[in-house]
Every structure is written in C-alpha cells, then in structure tokens.
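Below: one structure, written as structure tokens.
All of the numbers you see were taken from the coordinates with simple rules; none came from a lab. Given the structure is predicted, the values throughout are model-derived calculations rather than measurements. Cβ placement follows ideal geometry from the backbone for every residue including glycine, while neighbour counts extend to all protein chains displayed.
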Amino acid sequence: MSATVMVTGASSQLGVFLLPRLQAAGFSIQAMSRKVTAGPVKVSGAVQWCSADTRAAPAGVDALVSCGPLSLAVELAGQSKSIQRLVAFSTTSVLSKADSGNRAESRQMISLLADEKRLQAVCNQRGISLLLLRPTLIYGCGLDQNISLLARFGKRFGFIPVAGKAAGLRQPVHADDLAALAVNALLIEPAVDLASAAGGGSTLTYREMVHRLAASLPGVRPVSIPAGVFGAVAALASLLPGFRGVNAEMVRRQATDLVFDDHAVRVALDYDPRPFRPGPADFSVPAEAGKLQLG
C-alpha cells in the first residue's frame, strides 16, 4: 500500500510541480485547498483535494509537505498521530527582512520566524523528522510575485527598470527543483532532519538576473534608473492592479546581497538545482500539472 502525503498550499506554485512528482513517485496525495467547500474532490487515482478548513490531518497520513502557512503545519503536526516526516517551506526572507524598513514586511517575517520555531518544537516533541527549507526567489509557472512580477511589468510596459548598478547578488530557484527536493526528502533513508536555505543553480547580480529575464521576453529590455527616481516609480507602480506589493524597500534591496549558504541540503539530499535561464514555459502552469489542480 502506498504512503499517504498531505500537501498544504497545494494550489501554490510549489504545489503545481509537487503534485505530479508525488504521483509519479507512487504516493497517495491529500491536497488541501480553501477552494474545497464540500466533500473531497478526486482529480486522479492518486490525488484527492480536501478542505483546508478541516485544520486536522486525516488518520493514516504518513507525511506532510507544507507549501502553505506554517501555522497550519504546526496545527496538523500537533494533532496527527501518524505523520512521521514533514517537509516545510518557509523563505530566506526571515533572515533578510525581519529588520526591513517596511513595517508590514518586518512584522510578517518576525511572525513567520516564530512559526518556524513553533513547528520545530512540535516536531521535536512528537518525534517527527523535519526538513525546514527556506527558498530564495522562487519562479517557474507565473504564480510568484518576484520574477514573474518583473516579467508582467516588462510585457506591459516594454522594459524592466533596474535601480542604479543593482549589484546585489541573487539565487533565483525554480519551483520544480524545490518540488523534486521535497519528494527526495520523503523517499530517502534515513530521514533528514535539517533547516537550510535552498537556492538556485546561479548566483548573479540583480542586474544580470533582469538582463537574462528580459532576454527571454520578446520586445522587453532592461532600463537603468537612478535609485532615487526608481523609488517614485515604485510608488506609482504600486497603485496599478497586479503590482500592489511593490514598495521602496524592493528598490533598496537591489543593491544588497541576498545569498544564502545551502551547502548542507545539497550534500544531504543531492540537491542540484538548474541555472537561471528563464524561458516562456516558466511563466505559465504546465498543462499536465494543471490537470491535477482544481478547475
């Protein structure tokens, strides 16, 4: 009998790539979503969607992959008597934005860091193996608010703005590489207990990242703008639908290195993510993966 994995945040960009990989690996999958308001919805022989409002893992769930709120993972791990492994996705932003000049960002990261600690404590108390992953800039199917946000801006206006030299380093990571990492963590013996960053296969400056992104978008070019002027542009862009999350801190961080050591997870789980070479396929949900999502 196949092991059962519960996935929270299953409709996120991580979930888009995770469900097909779990199915291919032979797992039975309970995918959680707020979109499910009645009974479970079965979309394939292995994938069944259930309501995220249940706030409890069904009996017989062997593992949990948290792609959603860590607070929900804390509840599920604390109530379940069968979960043995847990892979939880947080973000490297807990390490870089807790002291952000944007108060909303700072509060959010402080709260998330507290949830990480709560999850680690619950797993330790209940004997659950925990792999806590903090990805860098995630992209891969057009659902993120980082790389894809820049791509949408470029497609709309014909250019992607860059603040000054924009020399801060970045490690963009594809969501499918993170999905593969999670599945490997569920399969490997013995289980890996670890908290680690998870970056991509390229370390490059923000400017270089934007140049590679623009090169993948026909008719789009990068444009350098003085940082002071860019702050005003960001304020205006935040008023447009689809760009509400833009703020001045994003401009400031273009000059700041946001790179993190993920050597531990590369060694422990043979993690070898792809380099950053975006293409058209990285901005839409793959057709086969879409079949496992709710309509």
Sequence-distant residues sharing a close amide H with residue 195 (under 5 Å, placed H)
132
Convert each backbone phi in the stretch 278-287 into a coupling constant with the Karplus relation 6.51 cos²θ - 1.76 cosθ + 1.60 (shift: θ = phi - 60°), then list the ³J(HN,Hα) values in order as whole Hz, x for Gly and Pro.
x, x, x, 5, 7, 10, 8, 6, x, 4
Using just the C-alpha positions of the stretch 1-103 as equal point scatterers, what log10 of I(q)/I(0) does the Debye formula give at each q in 0.18 1/Å?
-0.82
Alpha carbon centre of the stretch 143-170 versus the stretch 195-233: separation in Å?
5 Å
Separation of the residue 24 and residue 229 label points, Cα + 7 Å toward Cβ, nm
4.6 nm
Computed magnitude of the charge dipole of the stretch 4-290 (debye, nearest 20; Cβ of K, R +1, Cβ of D, E -1)
800 debye
With contacts defined as alpha carbon pairs under 8 Å and 6 or more residues apart, what's the relative contact order of the stretch 4-290 in percent?
19 percent
Quick query: amide H of residue 128 versus all other amide H atoms, modeled in the peptide plane; which residues come in under 5 Å with a sequence gap of 5 or more or a different chain?
none
So what is log10(I(q)/I(0)) for the chain at q = 0.12 1/Å, when the Debye sum runs over its Cα atoms only?
-0.79
Which value at 222 nm does the chain reach when only helices count, each DSSP H run of 4 or more adding -39,500 (n - 2.57), with the total divided by all residues and rounded to the nearest 500 deg cm²/dmol?
-11000 deg cm²/dmol
Estimated vicinal HN-Hα couplings, Hz - the stretch 39-45 in sequence order (Karplus 6.51, -1.76, 1.60; Gly, Pro = x):
x, x, 10, 8, 10, 7, x
Taking 8 Å as the Cα distance limit and 6 or more residues as the minimum spacing, I'd like the relative contact order of the stretch 119-206 as a percentage.
43 percent
